[in-house]
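Peer 1: Okay, here's the structure, questions in a sec.
The values are calculated or read from the model by the stated rules, or taken from the named source; none is laboratory data. Keep in mind that what you see is a predicted model, and the values were worked out from it rather than measured. Because the Cβ atoms are built from the backbone with ideal geometry, glycine has one as well, and the counts that use them run over all protein chains shown.
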């Protein structure tokens, strides 16, 4: 209840703030660490990482973040369980955990300028994932739950504006009709009247702009989707050796993502190395360079002065938990900048990922404190010899979340 009252107080403050336009290019940033609320880490297993990441930052400087930690690790019994909690934060009010209906875990993908966060909640008692929208005024609503799917109820709300919310959900696969077998993942769209319709099949949206254009994936291809007309434009088509994903779009119609080399048996290409790309408003593709010595890159956020942010490095995205071999990147004017070279050395941190950039040029990033002792990370892997899951533990960095603000702003 205290969290809901705190969120309600924030809603009034947002109305008084105006988003600042991003001016000339910048080359230096000051760093602010975002500390998650104590409630989000209270159930974390001692001795193991409880890292925080920031997913997006809106034009008012408010971020949505996630804490993921371990609730149980038993190597001998090969048991591994996680806790995930989501929160909103800003330098001017601190951090507040987003509420949930019943005990479970939560995750949010995005936070828009209307003060709405989109994600899912996963109750411990019923299982499944339920697409959810939160507001900074304290509201919480499940928006993509389909009871017809019975025990296979999985959905997530990904992004939204004043007219639409986009997400993903398991829905009945047409090849099994008239039987209801919810095993097909597809886009779902909800309009302002609450009507939910199906979108592209075999994929998920990643972002939606103010002009009702969303980007994401379908059949391993990167696509742009105009919600009012249901028109699809393929930004980069998949083939037998490559996949692609569009991960972000701004209000200018510019988007970014990556093209992957399908070298690993991973349905969603999350573990595959790739190359970051940017698409202009007309869909023209620009390949973004790796950092020197790197072999892979992600692009996660696109700004309003030609910036794209992401990471570049060894491309060993799985099974490494903290990905300490990656480096956060700012692409500008066709050049890849290591963001660690654009922050004060006195910060004493290493930035590994950059996730989003707003109109003020603020960037969200994750990384680690160079002087902090290593902690422990656990992971589960399939053992082909036993056809079972094996849990292992190894040293890792504690992941921390940061906001980078251009100097002088």
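Peer 1: Among the residues of segment 144-159, which ones are farther than 18 Å from residue 105 by Cβ and within 19 Å of the chain's Cα centre (by Cα)? So that I can check it myself, show each step before the final result.
Peer 2: Our first condition is that a residue be farther than 18 Å from residue 105 by Cβ; within segment 144-159, this holds for 146-152, 159.
Hit for segment 144-159 is 159, nothing else.
Peer 1: Among the residues of segment 3-12, are any modelled with pLDDT of 90 or more and either crowded, with 21+ Cβ neighbours inside 10 Å or not in a loop (DSSP other than H, G, I, E, B) (or both)? Reasoning before the result, please.
Peer 2: In the first step, residues of segment 3-12 are kept if they are modelled with pLDDT of 90 or more; the result is none.
No, every residue in segment 3-12 fails to be modelled with pLDDT of 90 or more and either crowded, with 21+ Cβ neighbours inside 10 Å or not in a loop (DSSP other than H, G, I, E, B) (or both).
Peer 1: Going by the conditions given, is residue 121 assigned to a strand (DSSP E or B) and either in contact (Cβ under 8 Å) with a residue 60 or more places away in the chain or over 25 Å from residue 155 (Cα atoms) (or both)? Show your work before the answer.
Peer 2: Details: assigned to a strand (DSSP E or B): yes; either in contact (Cβ under 8 Å) with a residue 60 or more places away in the chain or over 25 Å from residue 155 (Cα atoms) (or both): no.
Against the criterion (assigned to a strand (DSSP E or B) and either in contact (Cβ under 8 Å) with a residue 60 or more places away in the chain or over 25 Å from residue 155 (Cα atoms) (or both)), residue 121 does not qualify.
Peer 1: Residue 391 passes all but one of (1) over 16 Å from residue 292 (Cα atoms); (2) at pLDDT 95 or above; which number fails?
Peer 2: Here residue 391 clears every test but (2).
Peer 1: Do you know which residues across segment 297-312 are within 19 Å of the chain's Cα centre (by Cα) and either surrounded by fewer than 22 Cβ atoms within 10 Å (Cβ to Cβ) or without any contact (Cβ under 8 Å) to a residue 60 or more places away in the chain (or both)? Spell out the reasoning first.
Peer 2: Looking only at segment 297-312, we keep the residues that are within 19 Å of the chain's Cα centre (by Cα), and these are 297-303, 307-312.
If the condition is that a residue be within 19 Å of the chain's Cα centre (by Cα) and either surrounded by fewer than 22 Cβ atoms within 10 Å (Cβ to Cβ) or without any contact (Cβ under 8 Å) to a residue 60 or more places away in the chain (or both), then 297, 298, 299, 300, 302, 307, 308, 309, 310, 311, 312 are the ones that fit.
Peer 1: What number of residues within segment 317-358 satisfy the criterion of being crowded, with 19+ Cβ neighbours inside 10 Å, under 18 Å from the mean Cα position of the chain (by Cα) and over 20 Å from residue 57 (Cα atoms)?
Peer 2: Number satisfying all stated conditions: 4.
Peer 1: Go through segment 91-106 and give me each residue that's part of a strand (DSSP E or B), crowded, with 22+ Cβ neighbours inside 10 Å and touching a residue at least 40 places away in the same chain (Cβ under 8 Å).
Peer 2: 96, 97
Peer 1: What number of residues within segment 140-183 satisfy the criterion of being at pLDDT below 80, assigned to a loop (DSSP other than H, G, I, E, B) and more than 17 Å from residue 120 (Cβ to Cβ)?
Peer 2: Matching residues across segment 140-183 total 7.
Peer 1: Which one is nearest to the chain's Cα centre (by Cα), of the residues in segment 265-289 that are within 19 Å of residue 204 (Cβ to Cβ) and either surrounded by fewer than 13 Cβ atoms within 10 Å (Cβ to Cβ) or at pLDDT below 95 (or both)?
Peer 2: 270
Peer 1: Another question, if that's okay. Looking at 214, 193, 244, can you tell me which residue is without any contact (Cβ under 8 Å) to a residue 40 or more places away in the chain, more than 18 Å from residue 307 (Cα to Cα) and in a strand (DSSP E or B)? Step through it out loud before you land on a result.
Peer 2: Numbers: 214 fails: without any contact (Cβ under 8 Å) to a residue 40 or more places away in the chain; 193 fails: in a strand (DSSP E or B).
Sole residue among the options that is without any contact (Cβ under 8 Å) to a residue 40 or more places away in the chain, more than 18 Å from residue 307 (Cα to Cα) and in a strand (DSSP E or B): 244.
Peer 1: Name, by its number, the condition in (1) assigned to a strand (DSSP E or B); (2) under 29 Å from residue 110 (Cα atoms) that does not hold for residue 382.
Peer 2: Among (1) assigned to a strand (DSSP E or B); (2) under 29 Å from residue 110 (Cα atoms), the lone unmet condition for residue 382 is (2).
Peer 1: Something else about it: Surrounded by fewer than 17 Cβ atoms within 10 Å (Cβ to Cβ) and more than 18 Å from the chain's Cα centre (by Cα): does that describe residue 294?
Peer 2: Values: surrounded by fewer than 17 Cβ atoms within 10 Å (Cβ to Cβ): no; more than 18 Å from the chain's Cα centre (by Cα): yes.
No; evaluated as a whole, the condition is false for this residue.
Peer 1: Something else: Going by what's in this entry, would residue 336 be described as in contact with a strand residue (DSSP E or B) (Cβ under 8 Å, 6 or more places away or on another chain), under 15 Å from residue 286 (Cβ atoms) and touching a residue at least 12 places away in the same chain (Cβ under 8 Å)?
Peer 2: On the way: in contact with a strand residue (DSSP E or B) (Cβ under 8 Å, 6 or more places away or on another chain): yes; under 15 Å from residue 286 (Cβ atoms): yes; touching a residue at least 12 places away in the same chain (Cβ under 8 Å): yes.
So residue 336 fits the description; yes.
Peer 1: A further question follows. Within segment 61-70, can you find the residues that are assigned to a loop (DSSP other than H, G, I, E, B) and crowded, with 24+ Cβ neighbours inside 10 Å?
Peer 2: Within segment 61-70, the subset assigned to a loop (DSSP other than H, G, I, E, B) is 61-62.
Of everything in segment 61-70, just one residue is assigned to a loop (DSSP other than H, G, I, E, B) and crowded, with 24+ Cβ neighbours inside 10 Å, namely 62.
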